[in-house]
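Q: Supplied in structure tokens, the structure appears directly below.
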Amino acid sequence: MIRLNKYLSEAGVCSRREADRLIGAGRVSVDGRAAQLGMQIEEGQIVLLDGKPVEKKDRLILLAVNKPRGVVCSEKSQGGDVNIIDFLNYPQRITYAGRLDKDSEGLLLMTNQGDLIQHMMRGANFHEKEYEVTLDRDFNDRFLKDMAAGVSLRELGVTTRPCQIERIGKRSFRIVLTQGLNRQIRRMCGEFGYHVQELKRVRVLNIRLGHLKTGAWRNVTERERLELMALLDEGQEDVQDE
């Protein structure tokens with residue numbers, strides 16, 4: 001037997017906390033009867049959410065990968081480039097949640113759950129992604145203020161969202177974005193006449209790169225997964241409240 005809230009969580013519907021909210025709101029039924037908080041279910045019982053069946057998917061695979069420079073985020077070969085799927089050679093089918101361009105490195109999340117990818121990458125949810133960046137020359141504090149305020153990207157015809165940014169060296173800074181425009185950081189810096197020499201993603205939401213070696217990967221922990229699901233739930237609630 002398994003607790004109903006755990007079943008919903010493992011099915012990729014939501015976190016356990018959100019599952020309890022759904023159950024308490026009367027939106028979940030088991031074998032045609034309204035579900036109760038704390039109840040357990042057995043294999044073969046029919047679980048419905050808002051009248052639609054909920055089935056456990058394949059076991060969730062969620063990897064934290066330290067993508068090296070030179071590897072492309074693609075599921076197919078592109079000329080002589082090595083793509084991330086071939087590079088990892090993982091025994092089950094997985095794909096990436098959010099690209100890193102060929103010249104960038106760092107944290108890349110990979111999973112077998114397409115719904116999770118869509119939820120994580122939905123720009124309206126303002127999910128945080130953190131990067132460490134090194135430029136080709138020194139910059140002043142005005143550059144940091146202008147970057148934080150939002151930058152007009154003429155090439156794309158958009159202005160970036162305000163963001164968090166802090167200096168970590170004469171030519172390097174840490175930046176937290178809540179959107180994922182194409183080559184966004186490189187374009188932002190280019191508007192001020194700077195060229196990015198190194199760009200590393202070190203965090204996506206609550207998942208951190210830490211000391212993971214370049215080219216290595218690890219399974220996201222159960223604690224990280226539960227925190228991630230809770231953050232995704234919160235983000236969805238904020239969008240619905242707007």
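The values are calculated or read from the model by the stated rules, or taken from the named source; none is laboratory data. Every value quoted in this text rests on a predicted model; they were computed, and no experiment measured them. FYI the Cβ positions are ideal-geometry reconstructions off the backbone, even for glycines, and counts take in every protein chain you see. With ligands, DNA and RNA removed, areas are computed over all heavy atoms of the protein, side chains included. Shrake-Rupley method; radii C 1.70, N 1.55, O 1.52, S 1.80 Å.
Q: Given a 1.4 angstrom probe, what's the average accessible area per residue across the chain, in square angstrom? Please report the intermediate quantities before stating the final value.
A: Working: 13300 Å² over 242 residues.
Counting only protein heavy atoms, the per-residue value for the chain is 55 Å².
Q: Moving on. Measure out, as a whole number of angstrom, how far apart the alpha-carbon centroids of the stretch 175-225 and the stretch 79-130 sit.
A: Centre-to-centre distance over Cα atoms comes out at 11 Å.
Q: Please enumerate, by chain and number, the lysines with C-alpha under 26 Å from the C-alpha of Lys170, excluding those fewer than 8 residues away in the same chain.
A: Within the straight-line cut-off, Lys170 pairs with Lys67, Lys102, Lys129, Lys145, Lys200, Lys213.
Q: About its Cα centre, how strong a charge dipole does the stretch 10-149 have in debye, to the nearest 20, once Lys and Arg get +1 and Asp and Glu get -1 at the Cβ?
A: Working: 20 positive and 23 negative charges, 62 e Å.
Result for the stretch 10-149 is approximately 300 debye, rounded to the nearest 20.
Q: Work from the charge dipole of the stretch 54-101 (Cβ charges, +1 for Lys and Arg, -1 for Asp and Glu, about the Cα centre) and give the residue of Asn83, Leu60, Tyr96 farthest towards its positive end.
A: After comparing all options, I get Leu60.
Q: Of the accessible area of the chain, with the probe set at 1.4 angstrom, what percent is carbon plus sulfur?
A: Whole-percent figure for carbon plus sulfur exposure: 45.
Q: Also: Tell me the mean residue ellipticity at 222 nm calculated for the chain from its helices only (DSSP H runs of n ≥ 4, each -39500 (n - 2.57), averaged over every residue, nearest 500). Working shown, then result.
A: Numbers: 7 runs with 65 residues, N = 242.
Helix-only estimate at 222 nm: -7500 deg cm²/dmol.
Q: Anyone know which of Glu155, Glu105, Glu75 comes out most mobile in the 10 Å Cα GNM of the chain?
A: Maximum fluctuation in the GNM of the chain, among the listed residues, is at Glu155.
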